[in-house]
1. Which percent of the Cα-Cα distances in the chain go past 35 Å?
2. For segment 69-165, what is one quarter of the convex hull surface built on the Cα atoms, given in nm²?
3. Restricting the count to DSSP beta bridges whose residues both fall in the chain, what percent are antiparallel, rounded to a multiple of 5?
4. Largest first, how would LYS203, LYS307 line up by accessible area (1.4 Å probe)?
5. So for segment 2-98, considering every pair of alpha-carbon atoms, how many percent are separated by more than 19 Å?
6. Would you tell me the accessible area of SER216, worked out with a 1.4 angstrom probe on the heavy atoms of the protein chains, in Å² to the nearest 10?
7. Which value, to two decimals, describes the C-alpha radius of gyration of segment 156-256 once divided by 2.2 N^0.38 Å?
8. Can you tell me what the convex hull of the Cα atoms of segment 197-325 projects to on average, as an area in nm²?
Amino acid sequence: MAESVIDLRSDTVTKPSAEMRRAMAEADVGDDVFIEDPTVNRLQERAAEMFTREAALFVPSGTMGNLTCILAHTRPGQEVICEEAGHIYNYEMASMSAIAGVLPRLVRGEDGILTWDIVSKGIRPKIYYRPQTALISLENTHNMAGGTVYPTKLSEEICDRAHDAGIRVHLDCARIFNAATYLGENFVDMTKKFDSIQFCLSKGLGAPVGSMIVGSREFIERCRSIRKMLGGGMRQAGVLAAAGLIALEKGPKRLQVDHDHAKLRATGLAAIPGITLNPAKVQTNIVIFNLKASGWSSSRFLETLAKRNVLAVPVDNERVRMVTHLDVDRNDVEKAAAAVQEVFLR
Ligand SMILES: *Cc1c(COP(=O)(O)O)cnc(C)c1O
């Protein structure tokens, strides 16, 4: 692809920096299935330490991280409460049903954000002939709701009340550092009540591959076996963990820039007739806007936009998602908004 393409499809499209590539080339490695890769071990220890938890586990993808946690928390035939636009339900190949044998129980939250009131309506009564709720899974930031952030009070209340009811809570926080940046809060405080968390190194943080699961030592040991069962036992994975370590140390600090870029683009897009978008709702690095009033379908719009070297993804027939990341600068953001305007003026 030509250098001049502005790729706003996802924050996963970033390429590893020169510093990361150097660290990958020089990484001290061993066989991680024997738990002998010093760089993987260091990444896991660092993640656990940062989140002040007992242990962490490096997994090849966020999807495998979420599935591993679900398998560790549930038995076949149980239910997992999740938000209807959530990643875990829409973009993970129904793995919780196909592999873990559990049923998603969908609830809907305004802008993807659930409250205990909403969640509790999905909890099954404890009757022997009814399926039982084993787990609640929250998503922060909520990807398909447009990168929205949980107020910590709301997620804490869900954790506390769920625990009182004997139900565990998992956090799919692929973009936890974006959420923390938006709130101006510490990610440790935001996540401390969850039984397990999964976050991605491969998104805004800039690593080429990988996610982390964080939890208690006993939980992570169970996850290690499950990861192997899923085919996620990697060997000299230190070459990947070396990039992950840099992503973890340096990535979180620069996310405000991505958020500023997203806000800038949202403001520019909202001014274009035919686009429906409330820039006040753009909290992090994801911008979703509606094209319905313009008469364009998402697919025709995106094809036309691609001819102007700007890439984005459809959410559905009417809505388009653009994501900012470390490989786009302010100039790219402005060029992208201008390209959208040109498409409509044609
Ligand atoms: C990206 C993402 C994941 C995991 O994605 P992978 O592509 O499997 O790494 C999980 N949850 C959310 C909310 C995501 O945005």
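The values are calculated or read from the model by the stated rules, or taken from the named source; none is laboratory data. Everything numeric in this text was worked out from a predicted model, so none of it was measured. Only protein heavy atoms, including side chains, enter the accessible area calculation; ligands, DNA and RNA are left aside. Shrake-Rupley method; radii C 1.70, N 1.55, O 1.52, S 1.80 Å.
1. 24 percent
2. 5.9 nm²
3. Counting only bridges with both partners in the chain, antiparallel ones make up about 50 percent.
4. Working: LYS203 25, LYS307 165 Å².
Final ranking, largest accessible area leading: LYS307, LYS203.
5. Values: 2941 of 4656 pairs.
Result: 63 percent of Cα pairs exceed 19 Å.
6. Rounded to the nearest 10, the figure is 40 Å².
7. 1.17
8. Its average projected convex-hull area is 10.6 nm².
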